[in-house]
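J.: One structure, as structure tokens, below. Some questions next.
The values are calculated or read from the model by the stated rules, or taken from the named source; none is laboratory data. Because the structure is predicted, anything quoted here is derived from the model rather than measured. No Cβ is skipped: glycine too gets one built from the backbone with ideal geometry, and neighbour counts run over all protein chains shown. Side chains are part of the model used for accessible areas, which takes the heavy atoms of the whole protein and leaves out ligands, DNA and RNA. Shrake-Rupley method; radii C 1.70, N 1.55, O 1.52, S 1.80 Å.
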Amino acid sequence: AAILSIKLKLQPDQDVEKMCTPLLLQDQTNLVEDYVGEYPELQSKLLQILDTWCEPGFNIRDITRQYQGLSRYKPEKLNHKILSKLVFRLLDRFNVDPALCPNVINQRHLRTLNYLFYKRFVEKTMTQENWTDHVQSTVGENRCLQGHLIQLLVRHCDVKTAARWARRYGLPKETLPCAVADELQKLQIQERVEEVAKADYYEESKKKDYYQLPIPRANIHFLQTWEEALQCWEKVLRPGQVVGIDMEWRPSFGMVGKPRVSLLQIALKDEVFLLDLPRLLKEAEAEGEKEKLPCFIQRLYADAAITKLGYGMSGDLSSLASTCSALKDMDKQAQGVVDLLAVDKQVDVLSSEQSYKERGFRQPEKGLSLLVQHVLGKPLDKTEQLSNWEKRPLREEQIFYAASDAYCLLEIYEKLCKDPASFGLSSDLTESLVGKPSIKPRAKKQANKGEVPSPSGQQCRGCDKETSCVPAPISPKEFSVVCDNMLQGLGRYLRCLGVDVRMLENEDDHRKAAEIARQEGRVILTSGLPYQTLQSQVAEGRCFSVNCSEKAKEQALKVLKHFNVQVSLTDIFSRCQ
């Protein structure tokens, strides 16, 4: 009936609830979306119906009971959690004002509140100021959420704190728990009660356990106007410059839409610039020069003479593109970028579990903080990570956090380049890392066909010999290899051709390949940064770098050609697969 109605465009004459409810109970949400797809008034009506079902106290069984005879009947598809996700997806798809669905929005805010209490009082990874910002933003003027907040405060804090929040929101005493109402009365009698000291999770004595920014506060510049930004442009866009780049945005806590960058941090050796992107974009638009900021950022990323350091740079560029549409192809234009996320897994370190236990942290470090700890000795203090980065003015703690996130990239890079061997990295670290973020390079045609580009875009050693120096031909039975764990497809293909193959498991360390190669006289097949480490641990010519962007068959052909392995019909499937 729904499909025919769509074809005949009968939807405006039908009851949207009667048509869509049985479809939802049969898990036909795609058909429901198509049914209302061209009719905004039906979209709004459907969303209002779904929101009504999410109302507190509403018994969804009253709806589902009518349809028990349906084939493919799935009443579990109409629980509150799944309904809530469906509503948010439809709001996003149809671009409908979320205010149309107050029950679902309230439920999402309730979950956000519970999550904030978990981060602050259970996990203890959020500062008081940061937590307060988010609680105020989430609760707003909603009386229901304010009441829920008071209950959570009684459970996680104390009656006095709950009473202070009740006074802040002007909640009537009759709506409060008795103990909170009594405490509120005491607070009202004392006109000037000294504010309870802020409970900082990290005591001052523990600050020494975290990475400290080595430049003075005066060298951190918060830029909100184009006049101020000019000093940044002139210093950053110098050839040979090395800059650390990071971005911050307000955490979404599951709300609809992509994050928009609120702060762009650019670190140089002696100073850090914090660019207030929303303010700068607004000012440029008011002056009729919307391309000002995108032009600067494009020049920065496209200039191969400027080394840009980041961590998880593709995610940052994606957020930048959603903030300013003119930057949507930034990842394709970027040159001279070093994404330290790519080198992170290659660094020789203690396990994070062992490391955090030794230092006495409540939570194991992860991501950039873990890399900072391994390379510089102390982790980042991440308590400001979930800050409300849209709120102005920024607090001093936020400013130091944002500056540290960008500046530490410079120190990591400098230390890794000075002594890569002590971290298990190759001596030509810079060459291996500089490239484009999250883009698979295409294999370029080489003048010498024996040359194979490595995945980092650099020529691999051992592959650039003259074609006249071809080794003596051997059969697949005489050729023994060990494949690194990112080349299991290649390993399986070579085994089909009769080659003696051993493959590392996914959890194996790359260096296990060198042990196997030495013990069993095998050639190592690897790719990228591990090649730089492994080729120094075996004899010359016993380690070969494969281009990861190619398919297994293409990889195999190049390996066979390089080592002059002659495959006959009898070799194919001669080994157990």
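J.: Can you quote the Å³ per residue value for the convex hull of the Cα atoms in segment 1-100, rounded to an integer? Present the calculation step by step, with values, prior to reporting the outcome.
T.: Numbers: hull volume 9.4 nm³, N = 100.
Enclosed volume per residue, from the Cα hull, is 94 Å³.
J.: Ordered by residue, what ³J(HN,Hα) values in Hz, to whole numbers, does segment 29-44 give under the Karplus form 6.51 cos²θ - 1.76 cosθ + 1.60, where θ = phi - 60° and Gly and Pro are x?
T.: Couplings: 5, 4, 5, 4, 4, 5, 4, 9, x, 9, 10, x, 5, 6, 4, 5 Hz.
J.: Within the chain, what whole-number % of the accessible surface is contributed by carbon and sulfur, with the 1.4 Å probe and all protein chains included in the calculation? Spell out each step's value before the answer.
T.: On the way: 14850 of 30000 Å².
C and S atoms contribute 49 percent here.
J.: Any chance you could list the semi-axes, whole Å, largest first, of the equivalent ellipsoid that the Cα gyration tensor gives for segment 476-563, using √(5λ)?
T.: Working: eigenvalues 59, 41, 31 Å².
For segment 476-563, the ellipsoid semi-axes come out as 17, 14, 12 Å.
J.: Amide H of L223 versus every other amide H placed in the peptide plane: which residues, excluding those fewer than 5 positions away on the same chain, fall under 5 Å?
T.: Sorted by chain and number, the residues that satisfy this are L274, L275, D276.
J.: Quick one: angle between helix 313-323 and the longest Cα principal axis of the chain, in degrees between 0 and 90, rounded to 10, please.
T.: 40
J.: Take segment 122-162, compute every pairwise Cα distance, and split them into 10 Å bins from 0; I just need the percent in each bin.
T.: 27, 57, 16
J.: Can you figure out the FRET efficiency of Y115 with K173, using R₀ = 25 Å and their beta-carbon distance, to the nearest 0.05? Intermediate results must be reported in sequence, preceding the final value.
T.: Values: r = 29 Å, r/R0 = 1.16.
After rounding to 0.05, the efficiency reads 0.30.
J.: Given H placed 1.01 Å from N in the peptide plane, which residues other than close sequence neighbours of V482 have an amide H under 5 Å from its amide H?
T.: R502, V523, I524, L525
J.: Whenever you get a sec, line up F563, F117 from highest to lowest accessible area (probe 1.4 Å, protein heavy atoms).
T.: On the way: F563 30, F117 0 Å².
Result, largest first: F563, F117.
J.: What percent does the relative contact order of segment 476-563 come to when contacts are Cα pairs within less than 8 Å and at least six residues apart?
T.: Working: 134 pairs, mean separation 25.4, N = 88.
Relative contact order for segment 476-563 comes out at 29 percent.
J.: What 222 nm value per residue comes from the helices of the chain, counting each DSSP H run with n ≥ 4 as -39,500 (n - 2.57) and dividing by all residues, nearest 500 deg cm²/dmol? Kindly include the intermediate steps, with their values, before the conclusion.
T.: Details: 25 runs with 256 residues, N = 577.
-13000 deg cm²/dmol, from helical runs alone.
J.: Give the ranking of E505, E289 by solvent-accessible surface, highest area first, calculated with a 1.4 Å probe.
T.: Numbers: E505 100, E289 70 Å².
In descending accessible area the options line up as E505, E289.
J.: Tilt of helix 143-156 relative to the longest C-alpha principal axis of the chain, in degrees (0 to 90, nearest 10)?
T.: The two axes meet at around 70 degrees.
J.: Heavy atoms only, 1.4 Å probe, whole protein assembly: order M330, M19 by accessible area, highest first.
T.: Values: M330 5, M19 40 Å².
Listed by decreasing accessible area, they come as M19, M330.
J.: Report, to the nearest 10°, how far helix 396-418 tilts away from the longest principal axis of the Cα atoms in the chain, using its own Cα long axis and a range of 0 to 90°.
T.: Roughly 10 degrees between the two axes.
J.: Next up: Give me the percent of Cα-Cα pairs in segment 279-333 that sit more than 17 Å apart, rounded to a whole number. Write out the running numbers ahead of the final one.
T.: Values: 574 of 1485 pairs.
Percentage above 17 Å: 39.
J.: Computed on alpha carbon atoms, what radius of gyration and Dmax characterise segment 206-325, expressed in Å?
T.: Looking at segment 206-325, its Cα Rg and Dmax stand at 15.1, 49 Å.
J.: I've got another one for you. Which distance in Å, rounded to a whole number, links the C-alpha centroids of segment 516-574 and segment 60-135?
T.: After rounding, the separation between the Cα centres reads 52 Å.
J.: About its Cα centre, how strong a charge dipole does the chain have in debye, to the nearest 20, once Lys and Arg get +1 and Asp and Glu get -1 at the Cβ?
T.: Working: 80 positive and 79 negative charges, 274 e Å.
That gives a dipole near 1320 debye.
J.: Shifting gears a bit: What whole-number value in Å² describes the accessible area per residue of the chain for a 1.4 Å probe?
T.: Details: 30000 Å² over 577 residues.
Roughly 52 Å² per residue, with all protein chains present.
J.: Take the residue pairs K235/K418; K119/K282; K258/K282; K477/K553 and return only those whose Cα atoms are more than 28 Å apart. Walk me through the numbers on the way to the answer.
T.: Details: K235/K418 24 Å; K119/K282 34 Å; K258/K282 19 Å; K477/K553 19 Å.
As for pairs spanning more than 28 Å Cα to Cα, those are K119/K282.
J.: Here's something else I'd like to know. Considering amide H positions built from the backbone, and no H for Pro or chain starts, which residues 5 or more places from V261, or on another chain, come under 5 Å of its amide H?
T.: T323
J.: Quick one: if you take sqrt(5λ) for each eigenvalue of the C-alpha gyration tensor of segment 62-175, what semi-axes come out, biggest first, whole angstrom?
T.: Details: eigenvalues 228, 51, 47 Å².
Working through the eigenvalues yields semi-axes of 34, 16, 15 Å.
J.: Let me ask something else. Quote the Stokes-Einstein diffusion coefficient, in whole µm² s⁻¹, for the chain, based on the Kirkwood radius over alpha carbon pairs, a temperature of 37 °C and a viscosity of 0.692 mPa s. Before the final figure, lay out each step's value.
T.: Details: Rh = 28.8 Å.
D, rounded to a whole number, is 114 µm²/s.
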